[in-house]
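*Asks:* This is the structure, below, for whatever I ask next.
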Amino acid sequence: MASLNLGYWVQSYSMSNQVSSISKSFPLLRSLPFNPLTTQSSSTLKKVNFTSLPSITSVLTKEDIVKEEEQDPQKSSFDFNSYMLQKASAVNQALESAVSLRDPVKIHEAMRYSLLAGGKRVRPVLCLAACALVGGRESMAMPAACAVEMIHTMSLIHDDLPCMDNDDLRRGKPTNHKVFGEDIAVLAGDALLAFAFEHIAVSTVGVPPSRIVRAVGELAKAIGGEGLVAGQVVDIISEGLTDVGLDHLEFIHVHKTAALLEAAVVLGAIVGGGCDEEVEKLRKFARCIGLLFQVVDDILDVTKSSKELGKTAGKDLVADKVTYPKLMGIQKSKEFAEKLKTDAIELLQGFDPAKAAPLIALANYIAYRQN
């Protein structure tokens, strides 16, 4: 398989010689005065100190798994493989139970088709890991973890529609609207979105009501007009623009991609009983890996085949969308990805190392994933 190997790249280049040239050149996440909804961006890059930065879905295949022992022998005591298999299996069982096949059959078939279609379940696993990190039990966070995955699936169904990205392939299968039609696909996404909030409110047990309310508010903000939807809108209106800078691109991906990953981690910390300081520290961690996810996604889109990705490759290029490789080049995009990963892991310092191990491994997985 001829493909880009980010893990090999990270090991083979000199951090001191190459990352230092970019570590102070990336814009501050979510604190930019720039608003692409009202103002077209300039191509001038806002200079800030990157160190002040404030602030994946079923079972991994063998090709997916990052062999951490090979990347860092010091971390070989944590079995990332087994952890992901066990947590993803638990999430799949919970999703299967939550969205059962019932009347009206057609809408529930469509919901289940995409929700249970596979994927690595990174978002819900992040939620469970954050809950455990602050001392919570898995059962406390499972409804929130499932809700995040329902909303993520909704966003994929809607993204694939002809009026949006017009994609025919998702997770190696025909997209929802290709199987059920555009009308049912829209409604399946709507139903998953609504049920996600019902599921948190009704199914969360052993958690004080105040935490549940806080979690619901956090999730709603992450996906609405100031979160995921904002990122999608700016992404749409940016197609074909020539004068787009990194501040504009970062706004898109901090909202469109990172916001839901951030919510997954923050929800886990909230329902698990984390204090405000722990929640905010984990928010910053999640924002780093959320943006990291998109940077790697942009790189994979231009270096992998559709078969390898399980979705249409090169579609951003065809749609003339702004991406990190387009603005920075592949090499600088790789450097940015490594910097984000390093900063994310540093934010976990101070937590119990054993409990933080899953989040560290997930950050590495996001950085080195191949699809």
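The values are calculated or read from the model by the stated rules, or taken from the named source; none is laboratory data. Remember, it's a predicted structure, so these values are computed and weren't measured experimentally. Every residue, glycine as well, gets a Cβ built from its backbone with ideal geometry; the counts of neighbours run over all protein chains shown. Just so you know, the surface numbers come from the protein's heavy atoms only, side chains and all, with ligands and any DNA or RNA stripped out. Shrake-Rupley method; radii C 1.70, N 1.55, O 1.52, S 1.80 Å.
*Asks:* Please go through region 261-282 and give me each residue that is part of a helix (DSSP H, G or I) and surrounded by 24 or more Cβ atoms within 10 Å (Cβ to Cβ), ordered by number. Let's see the steps before the verdict.
*Replies:* Start the filter on region 261-282 by keeping residues that are part of a helix (DSSP H, G or I), which leaves 261-271, 276-282.
LEU261, GLU262, ALA263, ALA264, VAL265, VAL266, LEU267, GLY268, ALA269, ILE270, VAL271, LEU282, listed by residue number.
*Asks:* Next up: Go through region 101-134 residue by residue and tally those that are over 18 Å from THR204 (Cα atoms) and not in a helix (DSSP H, G or I).
*Replies:* So the first thing to find is which residues in region 101-134 are over 18 Å from THR204 (Cα atoms), and the list is 101-122, 133.
Now narrow it down to the ones that are not in a helix (DSSP H, G or I): 101-104, 116-121.
Residues in region 101-134 being over 18 Å from THR204 (Cα atoms) and not in a helix (DSSP H, G or I): 10 in total.
*Asks:* Can I ask one more? If GLY329 meets every condition in (1) at pLDDT 95 or above; (2) at positive phi apart from one, which number is that one?
*Replies:* With respect to (1) at pLDDT 95 or above; (2) at positive phi, GLY329 is out only on (1).
*Asks:* Here's another thing I want to ask about it. Which of the following residues is at pLDDT 90 or above, assigned to a helix (DSSP H, G or I) and loosely packed, with under 14 Cβ neighbours inside 10 Å: VAL213, VAL234? Can you show your working first?
*Replies:* Values: VAL234 fails: loosely packed, with under 14 Cβ neighbours inside 10 Å.
After applying the criteria, what remains is VAL213.
*Asks:* Can we say VAL229 is open to solvent by 10 Å² or more (accessible area, probe 1.4 Å) and under 18 Å from the mean Cα position of the chain (by Cα)?
*Replies:* Values: open to solvent by 10 Å² or more (accessible area, probe 1.4 Å): yes; under 18 Å from the mean Cα position of the chain (by Cα): yes.
In short, yes.
*Asks:* Further question on the same structure: When you go through LYS281, LYS304, LYS311 one by one, which is the residue that is modelled with pLDDT of 95 or more, over 21 Å from MET84 (Cα atoms) and in contact with a Leu (Cβ under 9 Å, 6 or more places away or on another chain)? Even if it seems obvious, please write down each step before you answer.
*Replies:* On the way: LYS304 fails: modelled with pLDDT of 95 or more; LYS311 fails: modelled with pLDDT of 95 or more.
The unique qualifying residue is LYS281.
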